[in-house]
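*Asks:* The structure follows.
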Amino acid sequence: MITLKKEDGAADLAGITKMSVGVSWDPSAGASGGLLGIARRKRGVDLDLVAVLMQGGEPVRFAGLDSLDPLGNGSVLHTGDEQTGAATGDDETVHVTFANVPTAIDAIVFVAAAFKKGSSFDKANNVSFKIYDATGADSQPVADIWPSLLGAENANAIARAFRNGPVWQLEVLDRKGKIKQGDKQALLRFALG
């Protein structure tokens, strides 16, 4: 297992054949109490995890939103859209099997966003981005990133897995930003950095 923090730079994923990135959050009532607060917690907030697959610096596919298996071979697989944050454990996860990712894909950028209109990070509690070594029978945590509660940003570039010759490497980004909600082009541009 490797432990990776943002300031550590990139780490080799040699020996790691499968990786998972998960996003978890809890619904919040905001400043509302009583029945309105209960209703808001039940409705929750919808954060989205998206894996943007890159080829030569350009986004060519993505896993997330309505695309669960963008390569059609299960090598980059999204678990589906959790819309409330009420799930146990990670609310949304992307699983990557590096050996099956076509060589044309040279990087994968993982982004969490309050993508749908009306959703926002400040309407969620306890947001966490986790990266796992999923090579063995039990997934082992590699990084657990807790984004800052300050600011009005609605997107976070979590990490980037990229090829360095025959070896995949991982870089924790934890880069916050603002995108136009509901705009896939804005989401893809944000992933570029």
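The values are calculated or read from the model by the stated rules, or taken from the named source; none is laboratory data. Because the structure is predicted, anything quoted here is derived from the model rather than measured. Here Cβ is always computed from backbone atoms with ideal geometry, including for glycine, and neighbour counts include all displayed protein chains. We work out accessible area using only protein heavy atoms, side chains counted, and drop any ligands, DNA or RNA first. Shrake-Rupley method; radii C 1.70, N 1.55, O 1.52, S 1.80 Å.
*Asks:* Accessible area of ARG175, 1.4 Å probe, to the nearest 10 Å²?
*Replies:* Using a 1.4 Å probe on the heavy atoms, I get roughly 70 Å².
*Asks:* Okay, next question. Compute the normalised compactness of region 113-185: alpha-carbon radius of gyration over 2.2 N^0.38 Å, N being the residue count. Kindly include the intermediate steps, with their values, before the conclusion.
*Replies:* Working: Rg = 14.7 Å, N = 73, 2.2 N^0.38 = 11.2 Å.
Dividing the Cα radius of gyration by 2.2 N^0.38 Å gives 1.31.
*Asks:* Residue-wise, which Karplus ³J(HN,Hα) couplings in Hz belong to region 100-115, taking 6.51 cos²θ - 1.76 cosθ + 1.60, θ = phi - 60°, and x for glycine or proline?
*Replies:* Couplings: 9, 6, x, 4, 5, 7, 10, 7, 9, 9, 9, 10, 10, 8, 8, 7 Hz.
*Asks:* Report, to two decimal places, the Cα Rg of region 48-168 normalised by 2.2 N^0.38 Å (N = number of residues).
*Replies:* 1.07
*Asks:* With each label point set 7 Å from Cα along the Cα-Cβ vector, what nm distance links GLN140 and ASN164?
*Replies:* It works out to 1.9 nm between the two label points.
*Asks:* For region 186-193, what does the Karplus curve 6.51 cos²θ - 1.76 cosθ + 1.60, with θ = phi - 60°, yield as ³J(HN,Hα) per residue in whole Hz, taken in order and with x for Gly and Pro?
*Replies:* Along region 186-193, the couplings run 5, 4, 5, 5, 4, 4, 5, x Hz.
*Asks:* Further question on the same structure: So what's the net charge close to ASN164: Lys and Arg +1, Asp and Glu -1, counting the other residues with Cβ under 11 Å from its Cβ? Intermediate results must be reported in sequence, preceding the final value.
*Replies:* Details: positive: ARG163; negative: ASP12, ASP106, GLU171.
Summing Lys/Arg as +1 and Asp/Glu as -1 gives -2.
*Asks:* Run the reach check for LYS18 against aspartates and glutamates, Cα to Cα strictly under 15 Å, same-chain hits fewer than 8 apart removed. What comes back?
*Replies:* The reachable aspartates and glutamates, counting only those whose Cα sits under 15 Å from LYS18, are ASP133, ASP138.
*Asks:* Next up: Please list GLU153, GLU58 from largest to smallest accessible area, probe radius 1.4 Å, with all protein chains kept in place. Write down the numbers at each step before the final one.
*Replies:* Working: GLU153 65, GLU58 110 Å².
Reading off the accessible areas and sorting them downward yields GLU58, GLU153.
*Asks:* Something else about it: Heavy atoms only, probe 1.4 angstrom, no DNA, RNA or ligands counted: give me LEU192, LEU53 ranked by accessible area, highest first. Write out the running numbers ahead of the final one.
*Replies:* Values: LEU192 85, LEU53 0 Å².
Listed by decreasing accessible area, they come as LEU192, LEU53.
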